Every structure is written in C-alpha cells, then in structure tokens.
1. Does residue 179 meet the test of being more than 16 Å from the ligand (Cβ to nearest atom), within 24 Å of the chain's Cα centre (by Cα) and surrounded by fewer than 18 Cβ atoms within 10 Å (Cβ to Cβ)?
2. Please verify whether segment 320-334 includes one or more residues that are crowded, with 16+ Cβ neighbours inside 10 Å, under 20 Å from the mean Cα position of the chain (by Cα) and assigned to a loop (DSSP other than H, G, I, E, B).
3. Please count how many residues of segment 155-190 are assigned to a loop (DSSP other than H, G, I, E, B) and either touching a helix residue (DSSP H, G or I) at 6+ places or on another chain (Cβ under 8 Å) or at pLDDT 90 or above (or both).
4. Quick one: is residue 48 assigned to a loop (DSSP other than H, G, I, E, B) and touching a strand residue (DSSP E or B) at 6+ places or on another chain (Cβ under 7 Å)?
5. Look at segment 210-235 and say how many of its residues are within 16 Å of the ligand (Cβ to nearest atom) and within 16 Å of residue 169 (Cβ to Cβ).
6. Among the residues of segment 76-97, which ones are out of contact with any helix residue (DSSP H, G or I) (no Cβ under 8 Å at 6 or more places or on another chain), in a loop (DSSP other than H, G, I, E, B) and touching a residue at least 12 places away in the same chain (Cβ under 8 Å)?
7. Being closer than 25 Å to residue 358 by Cα and out of contact with any helix residue (DSSP H, G or I) (no Cβ under 8 Å at 6 or more places or on another chain) is the filter here, so list the residues in segment 56-75 that pass it.
Ligand code: PMP
C-alpha cells in the first residue's frame, strides 16, 4: 500500500508536468508492478492487461530482465564502438524481412525512426512530398508531427504533406460500391500526387501503418495498398511501412503486418514492442538506400542500439520464438475474436469486430444502420471495464472503437475473463441506453 493517495500524487504530477501528458481513465491508475498479462496497483489490486503492446512478451518477462541485468552489469556504452550485440541483433532482425530489406539503423523511439525514414526517403529520392492518411499518428518530433493532424490539435500539414481518407471498408465512401472502394481510395492517393506536382513538389514517399492501427485497425479494401504503392513509386516516391505498433508478430501469421499484402516496402520503421519497455526502435531499409544515405548524410544516435538495448532486443526475439507467441496470437487471437462476435450477436451496440492476430478493434455504434459512433458509450465502457479489473482503451477518428491489444502471452483463460467482463459491461451500458 502506497503512503500517498492517488489524488495527492495526481496533483503533484500536474504541478511539475502540467496536464498535457495524458493519463488513461477517469480514475487514473497508479500501477506498481507487472507480471505476464497482469498489472497491480498501489492497493494490491490486480488488472488484466488487454491494452499494452509495449510489454510484448509479457510484463517483466524474466528472460528479458535477465538479459538486461547481465549486459548492464558487464558493459553499456554509446554506439561508436565495435560491439557484437548490435551486429548480431541486426543480423537476426533482418532475417524476418523479405530479401532486400537487409540493413538497419537503430534509434530509441518510433518517432525518431519515422523521422529518420523521412530524411532517408527525401534524401534518396531528392523529393519532398509525403502522403499519409487523414487520421495518422507517426510520432512527436516536429517533422513527424506534421504528418499526424488527426491526433494533435496543434499539428498542421505543411506544403510537404498531403493526406487521403482512411481506407475503411466498414464506413466506406458515400455513393461508392464496396467493390470499387479500393480504386476510390487509391484515386485519392493519385490526387495527392497530382496536387503535389501541380504545386511543383515531387513525391518522396507514402508513410502508412500497414494495419492502420491508430485509424481504427481498419479492414482495408483488398488491393488498395498495392495500387497506392504502385502509384507512389511511379511518381518517384518510396513506400515507408510504419510497423511501430503492428510489428514483431502481433499480426499472428506474419512477423510484420506489411507481409499480409502483396508488396515489399522500401523502408520499415519499428519500435514499441521491440525492447519490451526498454527504449529500442529502428529503421530497416533497402541496402542501396541505407548505403546511399550513409555515404553523404550522417546519423548518430547516442542510445540507439547500445549493448544493453540489443541484448534486450535479442531476448524479445528469443521469447517470441521459444514461447511460440506468434502461434499463440493465431490461436488465442481466433478465440478472442469468436468471443467478440458472440457479443456482437447479442448487443446491437457492436457495429463491427475486426482482428489481426492479437489485435482487436470493436467499433461501437448507437445505430447499426446509420453507424452513428457511440462516443459516450465507448468512454463509459472502458471506465467500467477498468473498475472491474480489465484494461482496454479506445481508438479511431471519434474514439469509439474499443482497442484490445494485450501482451502476446495472452491465453484463452484470460480471453474468457475479458469476454465475460465485457458482456457484463455491455449489458449495463445497453440498459442505460434503453432507459
Ligand atoms: N508510429 C505509430 C504507428 C505509433 O502508434 C506511435 C506511437 N503511438 C509512433 C509511431 C511513435 O512512437 P514513439 O512514441 O516511440 O515515438
């Protein structure tokens, strides 16, 4: 039991941090310990974590903790010396990619990785224009924040950035038949290219998250991404896949979410789950791009790929492999989806259930026919779930899609608890809506 109350700690936090650093839930959680898929608060209460992808192989995974401790008690140093770990780690990491994506540069955050990817794409192509979705989040540095107007109220696209509508099969485009959606969204990408060219700007690349996670884990119209990438390449740009959320086996059958498509990106960025909580991120790209960039440009990142970071990264890869966590994402993932679909049959509030391995989006609507987003209800649901000891959150343009993305060791017994609790909460909220 912590001596300080949560109200006092919250006030002290506001005093020294202000209110711009966001906290989850109406009653913020004060966590003190984690283990596997479980989190514990300062009163010793246990929560099932169905939200966090950073502790990818489980909170405080013993293999990762041991690797960190061992390397930290031997040597940790910045990256301007020879060390086995960084070479060995990148050699292992690149085996998970298609041939051609064979070189890497390491960073500490996904934002830095995307920033570096932008620099590399602009340097390599000699062009400036970047195309993104109109509800993107790719990080917090100034160049990257420029891409993410959906999330940051103060961010603005400069003339170097254009966007297209999120490619959403569930909501679609008014007046466009489902079979034509891929072409309609791709036409918007072409329009961005044409508008750039009319303004004297050529396209350096398109940067998208291949599972469109922040956009709401969309079901992408089949063929859209392949068509859009071909258009961008024809115009002289490259494809950057932001795998910061989507990668490292989260999507189950494939190690990387872009591998679900019939395409190979030119650059891939990664982060979040890469160090299981330790700040490790990076860029993998075509060897010719990294070689050209390294010949004339300089990138040095003090902490990107230290001996400790790489020891941790390797332990994450070991845990994924030895604990068969991708297989688990396929089987337990399908089990969770089946449970969510049963709830969809029972509650009209659930408009759509989407899944990709161990990642689920549950889109809530107040009316299935008109698909009015259930914004207030979504907020109520995540807070009621938190009170009952199950942690989830929301995503999407109106924050009305439940975001379920547990650590990868999530098991069917955890899924049973999730579904039973969500069932209770949906019952309450549906009753409130009726009354
Ligand atoms: N890309 C995506 C898709 C993300 O979701 C995020 C973080 N939410 C980032 C990049 C930025 O990563 P970081 O917070 O490590 O800078």
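1. no
2. No, the conditions are met nowhere in segment 320-334.
3. The total comes to 16.
4. Criteria not met by residue 48.
5. Number satisfying all stated conditions: 10.
6. 78, 80, 96, 97
7. 59, 60, 62, 65
Conditions (1) within 16 Å of the ligand (Cβ to nearest atom); (2) at pLDDT 95 or above; (3) surrounded by fewer than 23 Cβ atoms within 10 Å (Cβ to Cβ); (4) farther than 30 Å from residue 202 by Cα, marked per residue:
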site	(1), (2), (3), (4)
77	no, yes, yes, yes
93	no, yes, yes, yes
96	no, yes, yes, yes
107	yes, yes, no, no
122	no, yes, yes, no
127	no, yes, yes, no
135	yes, no, yes, no
140	yes, no, yes, no
143	yes, no, yes, no
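The values are calculated or read from the model by the stated rules, or taken from the named source; none is laboratory data. No experiment lies behind these values; they were computed from the predicted model shown. Cβ atoms come from the backbone with ideal geometry, glycine included; neighbour counts cover every protein chain shown.
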